[in-house]
Amino acid sequence: MYRVLEIDHLKKPSATEANKVLSGAEDLIEAAEKKISQETLKEVAKDIANLANMNIASSNDGTYDVAAMEKLSTSKTYEATLAMLECAYTVCIYDTVQTPQKLIACGFVKMQDGRYFSKSLHVHPDYRGQGLAVRICDLRENHLRHLGVTEVYIESLKFENTVQFHKRRGFEAYPPYRELRNTVLMRKVLLWSLSPDNGQDTPN
């Protein structure tokens, strides 16, 4: 039995960009707001940081050397994750059979350099193949659609399975606007018609 937690601290489009929001979307935005206490937010940050670091380590098939792995882990600390939670739209999925409930998948969307980025898509290795990554991606992208956002970016890890997952989701390689050493910049144009995706759950 799984539970989905949504936390919405995402920066909304500017007044100019807001003109692109579809009719009626304001109600959907308000309904999506999820407020939780700062104490709970800290617990969520701790769980996400642990899942992200474990997931990246278990997925590394030699793509990254020790130095690169250490560099990647600097963005997955508790402090960095808490800061992300405070400015992002976050989706967490918990296994409610576990006591206490166990975080098994997560993903963010945040504003970065004037663009919306999907961030930190992670599924616990024991729970892959159940469509959890697809569910998180659908929630993230639909949230952006309701804001009137027409494109989303991702700095994907270079794991082949991860890159292929994003391509099946409609992302394409995009010229980087800044130096990227350990990730690949990709972009997706957000359409309203969704096609099924049975891709494997992979970290990004």
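Things to note:
- One residue stands out among those in region 112-131 that are out of contact with any strand residue (DSSP E or B) (no Cβ under 6 Å at 6 or more places or on another chain) and surrounded by 16 or more Cβ atoms within 10 Å (Cβ to Cβ): the one that is nearest to THR183 (Cα to Cα), which is ARG128.
- Scanning region 132-152 for residues being part of a strand (DSSP E or B) and buried (at least 18 other Cβ atoms within 10 Å of the Cβ) gives a total of 1.
- Annotation note: Cβ proximity below 8 Å between a residue of region 166-182 that is within 17 Å of GLY114 (Cα to Cα) and a residue that is of a type outside the set (Lys, Arg) and not in a loop (DSSP other than H, G, I, E, B) (sequence gap 6+ or interchain) occurs for TYR174/TYR153; TYR174/LEU185; TYR174/MET186; PRO175/LEU185; PRO176/LEU185; TYR177/LEU185.
- Scanning region 55-71 finds one or more residues that are open to solvent by 50 Å² or more (accessible area, probe 1.4 Å) and either under 28 Å from GLY148 (Cα atoms) or modelled with pLDDT under 85 (or both).
- Scanning region 156-165 for residues that are in contact with a Ser or Thr (Cβ under 6 Å, 6 or more places away or on another chain) and without any contact (Cβ under 8 Å) to a residue 40 or more places away in the chain, we see that the one that is least open to solvent (accessible area, probe 1.4 Å) is PHE165.
- Residue within region 103-110 that is touching a Leu at 6+ places or on another chain (Cβ under 6 Å) and over 16 Å from LEU10 (Cβ atoms) present: yes
The values are calculated or read from the model by the stated rules, or taken from the named source; none is laboratory data. As the structure is a prediction and not an experimental result, all values here were calculated from the model. A quick note on method: Cβ atoms are made from the backbone with ideal geometry, for glycine too, and the neighbour counts reach across all protein chains shown. Areas reflect the complete protein model, heavy atoms only, side chains present, ligands, DNA and RNA absent. Shrake-Rupley method; radii C 1.70, N 1.55, O 1.52, S 1.80 Å.
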